[in-house]
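**Student:** Have a look at this one.
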Amino acid sequence: MAGASTTIGCVFCNILLNDDRPMIADNALCFAVIDHFPVNPGHALIIPKRHVTRLLDLSREEVCALHDLLNTVQRKLAMEHKPDGFNIGVNEGEAAGQTIFHLHVHVIPRYAGDVDEPQGGIRNIKKALVAYRIA
C-alpha cells in the first residue's frame, strides 16, 4: 500500500488493512467509499490512505490526489445518481462534528426537493436517510 501509513483501530485505516469494504474509486494516495450513514443516495467519502486528521496535515501531493479523486467521484456520482447538485465538506475537529479522526471529505449528492429550503446549503441540517451511530 504505497503512500499509506495506518493506525490500528481506525475505521478508515481498517478498510485499507482488511480490504473489507468496496472502494468506488482510488488512486495512489486516496480512496473513496460510499458512506455507511448516507444523508442522500450516493453519499461518498474521499479518504487519504495515510492516517491524518486535518486538511493541513496533507502533503501537496496528497492534496492534489484528493482533488483528483474528488473530480472522479463527483463525475461518477453524477452519472449514476443524476443529482441536481452536490455538497462537499469536511468536519474537522470534535467541535465541528468529526467523529472519526481520520480526515475524510463528504461528497453528498443533492436533489431538488430533498429539503424544503436548501438555501444556505451546508449551513442547514438535514435529516439523514440512516440514523448515525458509532458502533
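The values are calculated or read from the model by the stated rules, or taken from the named source; none is laboratory data. Keep in mind that this is a model prediction, so the values were computed, not measured. Every residue, glycine as well, gets a Cβ built from its backbone with ideal geometry; the counts of neighbours run over all protein chains shown.
**Student:** Every residue in the stretch 8-33 that is modelled with pLDDT under 95, charged (D, E, K, R) and touching a strand residue (DSSP E or B) at 6+ places or on another chain (Cβ under 8 Å), please.
**Tutor:** Correct list: R21 only.
**Student:** Step by step: first the residues of the stretch 34-73, then only those that are exposed (fewer than 14 other Cβ atoms within 10 Å of the Cβ) and hydrophobic (A, V, I, L, M, F, W, C), then the one that is modelled with the highest pLDDT. Which residue is that?
**Tutor:** L56
**Student:** Say whether the condition of being charged (D, E, K, R) and closer than 15 Å to D35 by Cβ is met by at least one residue in the stretch 84-105. Don't jump to the end; show me each part of the working.
**Tutor:** First pass over the stretch 84-105, keeping only residues charged (D, E, K, R): 84, 92, 94.
From the residues that got through so far, the ones that are closer than 15 Å to D35 by Cβ too are none.
No.
**Student:** Out of all the residues in the stretch 24-36, is one or more more than 18 Å from G89 (Cβ to Cβ) and free of Cβ contacts under 8 Å to residues at least 12 places away in the same chain?
**Tutor:** No - not one qualifying residue is present in the stretch 24-36.
**Student:** I'm checking my understanding of the structure. Among residues of the stretch 84-126 that are in a helix (DSSP H, G or I) and in contact with a strand residue (DSSP E or B) (Cβ under 7 Å, 6 or more places away or on another chain), which one is modelled with the lowest pLDDT?
**Tutor:** Checking each candidate, the answer is I122.
**Student:** Name every residue in the stretch 11-33 that is of a type in the set (A, V, I, L, M, F, W, C), buried (at least 16 other Cβ atoms within 10 Å of the Cβ) and out of contact with any helix residue (DSSP H, G or I) (no Cβ under 6 Å at 6 or more places or on another chain), in order of residue number.
**Tutor:** Taking the stretch 11-33 first, the residues of a type in the set (A, V, I, L, M, F, W, C) are 11-13, 15-17, 23-25, 28-33.
Filter again for buried (at least 16 other Cβ atoms within 10 Å of the Cβ), leaving 11-13, 15-16, 24-25, 29-33.
Those that are of a type in the set (A, V, I, L, M, F, W, C), buried (at least 16 other Cβ atoms within 10 Å of the Cβ) and out of contact with any helix residue (DSSP H, G or I) (no Cβ under 6 Å at 6 or more places or on another chain): V11, F12, C13, I15, L16, I24, F31, V33.
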